[in-house]
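The values are calculated or read from the model by the stated rules, or taken from the named source; none is laboratory data. These numbers were taken from a predicted model, which means no experiment stands behind them. Cβ coordinates were reconstructed from backbone atoms using ideal geometry, including for glycine residues, and neighbour counts include every protein chain displayed. The protein model used for the area step is the full one, side chains on, heavy atoms only, and it has no ligands, DNA or RNA in it. Shrake-Rupley method; radii C 1.70, N 1.55, O 1.52, S 1.80 Å.
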Amino acid sequence: MKIAVLPGDGIGTEIVAEAIKVLKALSLPFTMESAPVGGAAYESHGHPLPDSTLQLAKDADAILFGAVGDWKYDTLERALRPEQAILGLRKHLGLFANFRPAICYEQLVNASSLKPELISGLDILIIRELTGDIYFGQPRGRRTATDGHFPGAEEAFDTMRYSKPEIERIAHVAFQAARTRKAAGSEGRVTSVDKANVLETFQFWKDVVTEVGKEYPDIALDHMYVDNAAMQLVKQPKRFDVVVTGNMFGDILSDEASMLTGSIGMLPSASLNSRNQGLYEPSHGSAPDIAGQGVANPLATILSAAMMLRFSLKQPEAAARIEKAVDAVLTQGLRTPDIYSVGTTKVGTREMGDAVVKALG
Ligand code: IPM
Ligand code: MG
């Protein structure tokens, strides 16, 4: 088994170093090889996703990814910006299924901006389609308008589109995830989020998900417009079990959901293709404002490594060991600044990583 390690920019290098520490402590039979990505790769290779990095990722069983991006690259042409690295990896590896669990740790129930009773016990899973929608739809570009409100004016456009197989495969992923969760005690519900009241693409989405849902009579299916979903997520988040949605709505709703848990610094994610090859990354970004200070929360990345062991490397016991260790350090009262509250112990990135290693037992 081979893991490609792509730390990236900003806090990426700091948090990935802690996840590597934890992985090494497990002494499992896999190799790790690192490569630059994002702004770091632009500096060293002139491109955010150099061929050598892409090849390493393609040849690996799993990719552990930190984060990319920095304000200083905002003025580069789009093809050279750090974000293109993650979009390119998703596209070239066909990583269409993005899992973003939002779990509220009991120890952090007071770190959320929502009332404890709303989020205590929260355990929801957002499944975001990751290789289609307006993110990748062609055509896109700039041109002179020939119609619309201002013919003759300069305009820009993107294309929202989904094919039936794209919707079917992500719907199956969602229903199967709901089944697995149901076996472990969850409700067994999929909420499909769309904008069928306005958009052709998402009326189609709703129709196709409904069709697929007939193959899963044991799983309840409901549909919700995205604006209402944004509201329900903060009004009664525990009404959700599995949420499935398109690329753009999923981008927005998953950031919102992360805050239910107290800090985006706690949320792992997995992006899988049909061969179960996966890219594992924290749901948060490169946080250039706190980079290099040793204060970033490494737990989202460490939990992403646990997801990697479970989904792509078939090491469920090792995954559970990591998850238990994270729970233990929270119980010990250790907190990075993003989850700190009075009465707990403030620690830095490295101390948090060391504590997890120690708690592995
Ligand atoms: C995410 C990020 C990315 C996205 C950016 C960095 C391209 O926000 O993974 O959610 O929009 O998908
Ligand atoms: Mg996002």
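Structure notes:
- Toward the positive end of the charge dipole of segment 95-249, with +1 on the Cβ of Lys and Arg and -1 on the Cβ of Asp and Glu, the farthest Cα among LEU118, SER163, ASN197 is that of LEU118.
- If R0 is 22 Å, the Cβ-Cβ spacing of GLU83 and ASP289 corresponds to a FRET efficiency of close to 0.80.
- Percentage relative contact order, the chain, counting C-alpha pairs under 8 Å, at least six apart: 22 percent
- Principal axis dimensions, segment 113-261 - Cα atoms, whole angstrom, descending: 58, 38, 23
- Spin-label model distance (nm) - SER44 vs LYS58, 7 Å beyond Cα toward Cβ: 2.0 nm
- Label-to-label distance, nm, for residues given as THR331 and LYS72 (7 Å Cα→Cβ offset): 4.4 nm
- Virtual spin-label span in nm between LYS214 and ASP227, 7 Å along Cα→Cβ: 3.2 nm
- Summarising the strand pairing of segment 113-261, around 20 percent of its internal DSSP beta bridges are antiparallel.
- Contact order relative to length of segment 113-261, as percent, for alpha carbon pairs under 8 angstrom and 6 or more apart: 35 percent
- Here is the P(r) of segment 1-118: all C-alpha pair distances, binned every 10 Å from 0, give 13, 36, 30, 17, 4 in whole percents.
- The charge dipole of the chain, taken about its Cα centre with unit charges on the Cβ atoms of Lys, Arg (+1), Asp and Glu (-1) only, comes to about 760 debye.
- Set LYS2/LYS238; LYS2/LYS195; LYS58/LYS164; LYS58/LYS238 screened for pairs whose C-alpha atoms are more than 30 Å apart: LYS2/LYS238; LYS2/LYS195; LYS58/LYS238
- Test item: Cα-centred dipole of segment 62-158, Lys/Arg +1 and Asp/Glu -1 on Cβ, debye: 260 debye
- In plain terms, the chain from ALA183 to GLN236 could stretch by 16.7 nm, reckoned as 0.36 nm per residue minus the Cα-Cα distance.
- Farthest towards the positive end of the charge dipole of the chain, among the residues MET352, SER271, PHE96, is the Cα of MET352, using unit charges on the Cβ of Lys, Arg, Asp and Glu.
- When the P(r) of the chain is calculated, the portion above 29 Å amounts to 41% of the C-alpha pairs.
- Electrostatic dipole magnitude of segment 113-261 [Cβ: Lys, Arg +1; Asp, Glu -1; Cα centre; debye, to 20]: 300 debye
- On a per residue basis, the convex hull of the C-alpha atoms belonging to segment 279-339 measures out at 85 Å³.
- Among PRO82, LEU309, SER44 the positive-end extreme of the charge dipole of the chain (Cβ point charges): LEU309
- The chain - percent of accessible surface contributed by carbon and sulfur, probe 1.4 Å: 53 percent
- FRET efficiency, PHE157 to ASP207 (Cβ-Cβ, R0 30 Å, nearest 0.05): 0.75
- Across the protein chains, with a 1.4 Å probe defining accessible surface, the residues ARG350, ARG179 rank ARG350, ARG179 from largest area downward.
- DSSP bridge pairs, the chain: antiparallel proportion in percent, nearest 5: 40 percent
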